Amino acid sequence: MAAPSPGYSVTIRLKTPAGFSVTSEVVAAAGQADAQITAVDVVESHPDSMVIDITANTSSPDHVEQVTSAVSEVPGVEVEHVSDRTFLMHLGGKLEVVPKLELRNRDDLSRAYTPGVARVSKAIAEDKGLARNLTVKRNTIAVVSDGSAVLGLGNIGPEAALPVMEGKAALFKQFADVDAWPVCLDTQDSDEIVMIVKALAPVYGGVNLEDIAAPRCFEIEARLREELDIPVFHDDQHGTAIVVLAALNNALRVVGKKIEDIRVAISGVGAAGNAIIQLLQASGVSHIVAAGRAGIVARDHEHSDPHRKWIAEHTNPENLTGSLSDAVRGADVFIGVSAPNVLTEADVESMADQAIVFALANPDPEIDPALAAKHAAVVATGRSDFPNQINNVLAFPGVFRGLLDAGVSDVTDEMLVASADAISGNVSDEQLNSSYIIPSVFDRDVARDVAEAIVAVAQRNGSADTPAERNAR
């Protein structure tokens with residue numbers, strides 16, 4: 001059974017006889033069913049009975065039923081209902097619109113709305129650039145998804161994608177004070193998505209593409225970047241690549257290797273794999289071998305997908321063929337953005353000394369981290385219940401904060417590398433070890449440092465707003 005997790009936290013409301021021993025028996029029964037008790041609260045108390053809430057982390061819906069059954073078997077106990085705390089958190093959604101000003105009287109109303117607002121509208125009509133200073137556009141981005149590749153759930157559609165996009169928007173606000181809004185589209189036609197996002201663009205200062213399946217995501221991002229004058233960032237590609245590079249920077253510090261000397265094997269050649277390869281190469285990695293479902297991507301194979309063809313032409317310098325096991329043998333680093341259990345303990349054992357394993361498939365990684373750790377010096381996953389969680393929230397809030405502050409539309413490799421360096425720089429020499437190569441997602445310095453790195457790159461390249469222009473905002 002998987003370990004209990006807050007993602008499966010429940011509150012079980014029970015009617016029990018009065019008395020300390022009954023409550024103790026209930027807690028013991030839940031514990032014997034492997035529940036992780038986090039709270040016991042008395043809701044009602046009467047001379048001969050009580051109503052209590054037992055809150056516990058569990059590992060799955062089936063585990064919830066096991067725990068509920070166990071506590072119901074305590075003599076005199078009745079289960080009134082079971083509340084899934086994750087579903088309760090989502091009731092009514094996770095976002096709201098709150099005005100930045102209070103409309104207290106006619107004076108306020110006449111300036112915020114008619115007639116005063118007409119003067120602002122006329123000014124913007126004469127100079128559309130003013131919209132960035134005088135509307136929500138200056139600090140608002142669209143989180144756009146078609147629901148075709150949501151988390152590890154696959155093509156589940158726009159309605160089912162909405163809770164994820166709401167969560168993404170909440171993270172933008174929490175970590176970087178960026179106002180973000182979910183835009184879940186009921187189409188998976190690339191032309192329609194591009195058309196809709198272009199039509200919505202006047203409202204937003206940037207577009208974060210999310211959970212759009214490859215290879216369509218590549219085309220959609222490229223076209224929107226070409227046709228819009230606001231930044232477009234596909235988090236599944238570039239956010240993942242930034243955090244992987246940041247973690248790799250520090251993992252290499254742990255094992256004493258240089259990035260230009262390492263051999264890297266990658267499992268997964270979709271959106272994330274493609275972006276990771278490009279960013280690693282921009283950072284000095286010259287030896288990368290990538291493998292997909294059919295094995296190693298090699299130059300002498302037929303590749304109808306232009307992105308996979310690009311990988312074939314720009315990686316695998318020895319033109320290796322074979323399986324993932326062949327790609328991993330002798331490698332210094334394994335990076336998995338693919339599927340569960342595709343890497344074996346023997347594969348890790350065949351890697352170079354002081355190997356690094358990033359098994360990032362979520363929720364189930366490419367290899368059990370405990371098995372990988374038998375032979376690798378550093379192991380990271382995408383999960384929060386293991387050390388070294390590689391999580392995109394370390395990147396995307398700060399990236400957009402920086403892009404909005406700099407007033408730029410182009411997202412360059414130099415910015416992505418600088419963002420990774422900013423993240424890895426938040427782990428000091430005193431903190432660094434094999435179980436701590438990446439800062440906590442709750443480290444508030446990270447988003448600030450990433451934003452400042454983006455602005456610094458834009459200033460060096462002469463594309464950032466001047467201080468006067470930023471002050472005007």
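What the table shows:
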read-out	value
Enumeration of residues in region 415-435 that are open to solvent by less than 40 Å² (accessible area, probe 1.4 Å) and in contact with a strand residue (DSSP E or B) (Cβ under 7 Å, 6 or more places away or on another chain)	Val427
Sole residue being among the hydroxyl-bearing types (Ser, Thr, Tyr) and in contact (Cβ under 8 Å) with a residue 60 or more places away in the chain, chosen from Thr11, Thr23, Thr68	Thr11
Flag if Thr344 is out of contact with any helix residue (DSSP H, G or I) (no Cβ under 9 Å at 6 or more places or on another chain) and either over 27 Å from Ala149 (Cα atoms) or open to solvent by 60 Å² or more (accessible area, probe 1.4 Å) (or both)	no
Of residues in region 302-330 being among the charged types (D, E, K, R) and not in a helix (DSSP H, G or I), the one least open to solvent (accessible area, probe 1.4 Å)	Asp305
Test: residue in region 436-449 that is open to solvent by less than 70 Å² (accessible area, probe 1.4 Å), among the polar types (S, T, N, Q), in a loop (DSSP other than H, G, I, E, B) and modelled with pLDDT of 90 or more	yes
Selection count, region 389-403, where residues are open to solvent by less than 10 Å² (accessible area, probe 1.4 Å) and either in contact with a strand residue (DSSP E or B) (Cβ under 9 Å, 6 or more places away or on another chain) or outside any loop (DSSP other than H, G, I, E, B) (or both)	8
Every residue from region 175-211 that is touching a residue at least 40 places away in the same chain (Cβ under 8 Å) and among the polar types (S, T, N, Q)	Thr187, Gln188, Asn208
Filter result (open to solvent by 20 Å² or more (accessible area, probe 1.4 Å), of a type outside the set (Gly, Ala, Ser) and in contact with a helix residue (DSSP H, G or I) (Cβ under 7 Å, 6 or more places away or on another chain)) within region 284-301	Arg299, His301
Criterion violated by Val333 - all others in (1) open to solvent by less than 20 Å² (accessible area, probe 1.4 Å); (2) modelled with pLDDT under 90; (3) not aromatic (Phe, Trp, Tyr) satisfied	(2)
Members of region 324-380 that are charged (D, E, K, R) and either within 14 Å of Ala290 (Cα to Cα) or under 19 Å from the mean Cα position of the chain (by Cα) (or both)	Asp326, Arg329, Asp332, Asp364, Glu366
First in region 350-378 and free of Cβ contacts under 8 Å to residues at least 24 places away in the same chain, second anywhere and polar (S, T, N, Q) and open to solvent by less than 60 Å² (accessible area, probe 1.4 Å), Cβ under 6 Å, 6 or more apart	Pro369/Thr381
Members of region 215-237 found to be touching a residue at least 24 places away in the same chain (Cβ under 8 Å), within 24 Å of Val269 (Cα to Cα) and surrounded by fewer than 21 Cβ atoms within 10 Å (Cβ to Cβ), listed by number	Pro215, Arg216, Glu219, Arg223, Arg225
Within region 111-208, helices (runs of 4 or more DSSP H) holding 3 or more residues that are buried (at least 19 other Cβ atoms within 10 Å of the Cβ)	158-176, 190-200
Within region 238-260, tally of residues that are open to solvent by 10 Å² or more (accessible area, probe 1.4 Å), farther than 16 Å from Ala447 by Cα and within 20 Å of the chain's Cα centre (by Cα)	1
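Residue-by-condition table, conditions (1) touching a helix residue (DSSP H, G or I) at 6+ places or on another chain (Cβ under 8 Å); (2) modelled with pLDDT of 95 or more:
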| site | (1), (2) |
| --- | --- |
| Val203 | yes, yes |
| Pro215 | yes, no |
| Glu219 | yes, no |
| Arg225 | no, yes |
| Gln237 | yes, no |
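The values are calculated or read from the model by the stated rules, or taken from the named source; none is laboratory data. The structure displayed is predicted, hence computed values, not measured ones. Cβ atoms come from the backbone with ideal geometry, glycine included; neighbour counts cover every protein chain shown. Surface areas here come from the heavy atoms of the whole protein model, side chains and all, with no ligands, DNA or RNA. Shrake-Rupley method; radii C 1.70, N 1.55, O 1.52, S 1.80 Å.
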